[in-house]
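The values are calculated or read from the model by the stated rules, or taken from the named source; none is laboratory data. None of these values were measured; they are calculated from a predicted model. Here the Cβ positions follow ideal geometry from the backbone for every residue, glycine too, while neighbour counts run over all protein chains shown. Remember, those area values only see protein heavy atoms, side chains included, never the ligands or the DNA or RNA. Shrake-Rupley method; radii C 1.70, N 1.55, O 1.52, S 1.80 Å.
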Amino acid sequence: MTLGPKSNLSGTECLKRMLVPYNVEVEPPPPGLQTEFETLLSTEALQFLSDLCSRFQPEVDKVLKTRILRKVQLDLREELPGFMEDTAHIRNDPSWRVSPIPVRLQCRHVDIGDLSPCDTQRLTQALKSTAQGIQVDFDDGNCPTYYNQIKGIYNVYKVVHNQFHDAPPISQAPILMLRPRAWNMVEHNMLVKGREVPGPLFDFGLLMFHNAKLLLQNESGPFFYLSKVESYQEARLWNQIFLWTEDKLGLPVGSIKATVLIECVLATFEMEEILYELREHSAGLNCGIWDYSASFVNKFGHRAEFLLPDRSKYVNMEKRFLRSYMELLVQTCHRRGALATGGMAALMLPTHRDSALYTTVLNTVTRLKLLEIRAGVDGFMVYDMNLIEPMQKLFQLHCTGPNQLHQLRHDVSVTSEDLLTVPAGGVTLYGLKHNIAVGVLFIDAWLSGRGHFFFKGQVEDSATAEISRSQVWQWIRHRVKLEDDGRTVVTRGFIRSLTQGMMGDLREAACCQTQRDEGRLATAVSMFLELVQKSDFPEFLTTYLYLDHTFLSAQRQHEESGTERSHRARL
């Protein structure tokens, strides 16, 4: 039973009228989202979520515990990852391929990235664009407040059901690449059998329950991005979830297609195995730069031989470890008939097309994306929609056909050493201050209910925040010296002092206008300093924030005060 038409009932009164399955607890709707809540969290949908979470919670627990075990083994034994002997038969078997790629996925040249679906204006703008696809991002570019999740999932519902009247129908719009949260995230506002449910199952379950059949009927999905997969066992879990869901919803096997983001160095050694586990459901693999680079600090950051230099000067996709990762990903995908996609161009074009800066930015993006095209990628993402057309023209100029599956890259031979050799280089004061600024401003954005922000001409999200705080933590741990003078040591005290000296610039970048803004920024600074001073490296910045009492209290205060009830609803 669902609730009736939109009313003025309070969230608590609405919840009392619902028939909630006996083993489910769900919080009242976020302020202002009663209609959206009633549509999405019907009794039938809640029962589906309950069944989904009950079936797979033990496997999710196993995944998270296996990650911890693997990290402990790497630390205790000082081991390095490598290509596994017990799965060599999969890599050595030339006969298997992933299932054929659906027609609407065969051309992936330019997708719009980091699109938080609660941003209705940007979503509708993207739907009317000429992009091949839209990364509907509930992960890196989104802050998962209760408000944002319900609003975002409901906006997807409206798109699929053709309820945005100024947007094209789903069969003609850019494809929706739905990106649920990663396994490290939970959903605070729903419990099944007394436990908070896994964030990705909450997102995936509601997206599938309400949209899958219509997407399939329109040959437009359901298509997904899978974030932060670390092993082929995790890919196997997703495949089991897909099969279970297809059966429950009466969909043909293989209806769901997923692109796995290879964001962890450990997963790089298991890319063929990941494709194999998902071979009925695979849309390919994706490579990026900053989450992947941050994973080196996550897994090996305490080791001096894995000291990552200043990313603003020494880390880019032309470096050996990143170039090898991209080339191996392309070779692996194309060998198995899967698509290989690249990362997102975060730079944004200035307003004035005739300015020198406009030309410089466009030339920079073109050079970096041409590097990916020549490596054989089938597509990549941009944030700025004004980059869609020039990047599509770049593909047309340098490629023939909708993709580069014919580029098998037989010339590529990548070793473990290639993948694990971090670039040489030092640390600059500029790079240190930039990392501090990105880390602090990202936390400030999250405290405001936003998953990304703009800084120095580009978009910053959790990926750039991850590498920023990771580098500062690692530089403190190894007491590196700034190459500017060869004497200044990066210490905890130096970081505190430097950050205090940056407060004026941070206030300006965060657009602080009120006492509340000032207080929020001060909280963000305190949280950032706490993060980079930890003895043990916190695995994910977003997990740390999402579970932190300070963060949760800030969100509760926003709701209780009633002054920021739109984008800053409680978690």
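In table form, for the structure just shown:
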read-out	value
Matching entry among His89, His109 (being in contact with a strand residue (DSSP E or B) (Cβ under 6 Å, 6 or more places away or on another chain) and more than 22 Å from Lys299 (Cα to Cα))	His109
Those residues of the stretch 488-499 which are in a helix (DSSP H, G or I) and more than 26 Å from Thr542 (Cβ to Cβ), in sequence order	Gly493, Phe494, Ser497
Residues (in contact with a helix residue (DSSP H, G or I) (Cβ under 7 Å, 6 or more places away or on another chain) and more than 21 Å from Tyr232 (Cβ to Cβ)) located in the stretch 78-109	His109
Output for the stretch 319-341, where each listed residue is open to solvent by 30 Å² or more (accessible area, probe 1.4 Å) and either on the phi > 0 side of the Ramachandran plot or touching a helix residue (DSSP H, G or I) at 6+ places or on another chain (Cβ under 7 Å) (or both)	Arg320, Glu327
Entirely in the stretch 355-438, the helices (runs of 4 or more DSSP H) that have 1 or more residues that are farther than 19 Å from Glu318 by Cα, open to solvent by 20 Å² or more (accessible area, probe 1.4 Å) and without any contact (Cβ under 8 Å) to a residue 40 or more places away in the chain	356-375, 388-398
Unmet requirement for Ser129, which otherwise passes all of (1) open to solvent by 10 Å² or more (accessible area, probe 1.4 Å); (2) in contact with a Lys or Arg (Cβ under 7 Å, 6 or more places away or on another chain); (3) of a type in the set (S, T, N, Q)	(2)
Set Glu539, Glu518, Glu483, Glu466: member being of a type in the set (Asp, Glu) and modelled with pLDDT under 95	Glu539
Residues that are in contact (Cβ under 8 Å) with a residue 60 or more places away in the chain and not β-branched (Val, Ile, Thr), drawn from the stretch 55-80	Arg55, Phe56, Gln57, Glu59, Leu64, Arg67, Arg70, Lys71, Leu74, Asp75, Glu78, Leu80
Filtered residue count, the stretch 447-487, keeping only those that are part of a helix (DSSP H, G or I) and either hydroxyl-bearing (Ser, Thr, Tyr) or under 15 Å from the mean Cα position of the chain (by Cα) (or both)	8
Residue ranges of helices (runs of 4 or more DSSP H) in the stretch 76-169 with at least 1 members charged (D, E, K, R) and not assigned by the TED database to the domain that holds Ala340	88-92
Per-region count, the stretch 296-305, residues open to solvent by less than 10 Å² (accessible area, probe 1.4 Å), in a helix (DSSP H, G or I) and not charged (D, E, K, R)	3
Filter result (open to solvent by less than 10 Å² (accessible area, probe 1.4 Å) and either touching a residue at least 60 places away in the same chain (Cβ under 8 Å) or more than 27 Å from Ala463 (Cα to Cα) (or both)) within the stretch 147-158	Asn148, Ile150, Ile153
Selection count, the stretch 65-88, where residues are more than 21 Å from Glu417 (Cβ to Cβ), surrounded by 12 or more Cβ atoms within 10 Å (Cβ to Cβ) and not charged (D, E, K, R)	1
Neighbours by Cβ (under 8 Å, 6+ apart or cross-chain): first from the stretch 498-517, assigned by the TED database to the domain that holds Gly449; second open to solvent by less than 40 Å² (accessible area, probe 1.4 Å) and not in a helix (DSSP H, G or I)	Ala509/Phe455; Asp517/Ala510
Meets criteria (in contact (Cβ under 8 Å) with a residue 60 or more places away in the chain and not assigned by the TED database to the domain that holds Met271) for Arg487	no
Any hit, the stretch 525-536, residues being in a helix (DSSP H, G or I), among the aromatic types (Phe, Trp, Tyr) and closer than 19 Å to Ile467 by Cα	yes
Residue ID - surrounded by the fewest Cβ atoms within 10 Å (Cβ to Cβ), chosen from residues in the stretch 460-485 that are touching a strand residue (DSSP E or B) at 6+ places or on another chain (Cβ under 6 Å) and under 21 Å from Asn148 (Cα atoms)	Glu460
Total residues in the stretch 276-287, condition outside any helix (DSSP H, G or I), open to solvent by 20 Å² or more (accessible area, probe 1.4 Å) and either free of Cβ contacts under 8 Å to residues at least 60 places away in the same chain or more than 14 Å from Ala235 (Cα to Cα) (or both)	0
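Residues checked against (1) out of contact with any Cys (no Cβ under 6 Å at 6 or more places or on another chain); (2) open to solvent by 10 Å² or more (accessible area, probe 1.4 Å); (3) farther than 19 Å from Ala212 by Cβ; (4) small (Gly, Ala, Ser):
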{"position": "Arg104", "(1), (2), (3), (4)": "yes, yes, no, no"}
{"position": "Pro117", "(1), (2), (3), (4)": "yes, no, no, no"}
{"position": "Gln121", "(1), (2), (3), (4)": "yes, yes, yes, no"}
{"position": "Val136", "(1), (2), (3), (4)": "yes, no, no, no"}
{"position": "Thr145", "(1), (2), (3), (4)": "yes, no, yes, no"}
